[in-house]
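Peer 1: Let me give you the structure first, and then I'll get to my questions.
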Ligand code: ATP
């Protein structure tokens, strides 16, 4: 598929602070692409460069094959949705959505057709005569969304659009945004610090930290094959355990010693010596003490948190190391108790192993 947005070697400074450090991303036509990372990593700065609100010091930006560096914001054909809605409090819902069309000197009849169509899409037609103060947060964000899409922009940019909504509404709205984006087939770049939201809505995600892109990939690639310790830790939760790696054949099949157990696994690259063994709580299997498999590690349940669908156990190994493990709570009599002794399968087939520096 054709690339719609090309971000090439972009750097942005605020005084001495390098907010963006050599960003390279290609975004495909019709793609839902998310910039994900902790506060201060540079997501909003990059979005603002795309919108034309900031100018980068280094690097180039292309939409289709047009060079955009010197094109002002109002000529970039972009729709934007912000966290704080940014709708006009003195205008009705209809007038808010019509605003951008009026500014473009579109005829009255045509404005009516287009606004009605956009309000239908966000399911707000019945509230078209209300003032924003008479709307809920979710409804106000739908007005902002309708206003962004009514101009039929080439690119839709969204900066934390769901942050001000409560948890249930966030889930409903993210599904609606995703469905609308797919039905309009509009290339969308979405900023969030919420990893679950990013996994749920995105075709691909760029995980950012300290002004750099750490990894670009589909949601499952980023979750199951994180390229470094930062990504593994930021997306979902994981256990990091000290490991000693021994390569045993040329095909990179290795034995990794973790908590005294010899685990057989396959590495992506040849490595030897100290490493970090990363395994997610839901990938760990809890076994009974009678299991004689020598690759299991002995431990004691020291904490249990019942979450309805699953239970999170904290298990302490004999070395003192603590890990988290999830188990589905299918039946009452399967729940484990604090003080229970168990054996733990650290599931080397699912684990990711980093070198000592976390790469
Ligand atoms: P958040 O999720 O908190 O919005 P973010 O990932 O969007 O964070 P940015 O707002 O892009 O991060 O900020 C990146 C870095 O640039 C931060 O160190 C921030 O302090 C700095 N920064 C952002 N805007 C400005 C500005 N206008 N002037 C000076 N420094 C800025």
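Peer 1: With a cut-off of 8 Å between alpha carbons and a minimum separation of six or more residues, what is the relative contact order of region 56-173 in percent? Show your work: numbers first, answer last.
Peer 2: Numbers: 142 pairs, mean separation 45.0, N = 118.
38 percent.
Peer 1: Based on alpha-carbon positions alone, could you give the equivalent ellipsoid semi-axes of the chain from the gyration tensor, as √(5λ), descending, whole Å?
Peer 2: On the way: eigenvalues 441, 135, 45 Å².
Equivalent ellipsoid semi-axes, largest first: 47, 26, 15 Å.
Peer 1: Does anyone have the angle between helix 137-149 and the longest principal axis of the chain? Alpha-carbon axes, 0 to 90°, nearest 10?
Peer 2: Rounded to the nearest ten degrees, it is 60.
Peer 1: Ordered by packing density, taken as the mean number of other Cβ atoms within 10 Å over each peptide's residues, highest first, how do 230-239, 104-113 rank? Let's see the in-between values first.
Peer 2: Numbers: 230-239: 20.3, 104-113: 11.0.
Ranking the peptides 230-239, 104-113 by packing returns 230-239, 104-113.
Peer 1: Could you work out how far helix 93-103 tilts from the main Cα principal axis of the chain, as a 0 to 90 degree angle to the nearest 10?
Peer 2: Between the helix axis and the principal axis of the chain, the angle is about 70 degrees.
Peer 1: Taking a ≥ b ≥ c as the square roots of the eigenvalues of the Cα gyration tensor of region 163-293, is the shape rounded (a/c under 1.5), prolate (a/b larger than b/c) or oblate?
Peer 2: Values: a/c = 2.79, a/b = 1.99, b/c = 1.41.
Verdict is prolate for region 163-293.
Peer 1: If contacts are Cα pairs under 8 angstrom and at least 6 residues apart, what is the relative contact order of the chain in percent?
Peer 2: Reported relative contact order: 15 percent.
Peer 1: If you fit an axis through the alpha-carbon atoms of helix 108-121 and take the longest principal axis of the Cα set of the chain, what angle between them do you get, 0 to 90°, nearest 10?
Peer 2: That helix lies at roughly 20 degrees to the long axis.
Peer 1: While we're looking at this one, here's another question. Using only Cα atoms, what Kirkwood radius does region 125-201 have, in angstroms? The partial results should precede the final answer.
Peer 2: Details: mean 1/r = 0.0755 Å⁻¹.
So the Kirkwood estimate lands at 13.2 Å.
Peer 1: Would you mind getting me the FRET efficiency between residue 131 and residue 183? Use the beta-carbon distance for r and R0 = 25 Å, nearest 0.05.
Peer 2: Numbers: r = 29 Å, r/R0 = 1.15.
With a Förster radius of 25 Å, E is 0.30.
Peer 1: If I model a spin label at residue 224 and residue 248 as a point 7 Å from the Cα along the Cα→Cβ vector, what separation in nanometres do I get?
Peer 2: Each label point is offset 7 Å from its Cα along the Cβ direction, giving 2.5 nm.
Peer 1: Moving on to the next point. Provide the percentage of antiparallel DSSP beta bridges, counting only those with both residues in region 133-291; round to the nearest 5. Let's see the in-between values first.
Peer 2: Working: 22 of 27 bridges.
The antiparallel fraction comes to roughly 80 percent.
Coordinate-derived values only; no laboratory data. Every value quoted in this text rests on a predicted model; they were computed, and no experiment measured them. Heads up, the Cβs are rebuilt from the backbone with ideal geometry, glycines too, and the neighbour counts pull from every protein chain shown.
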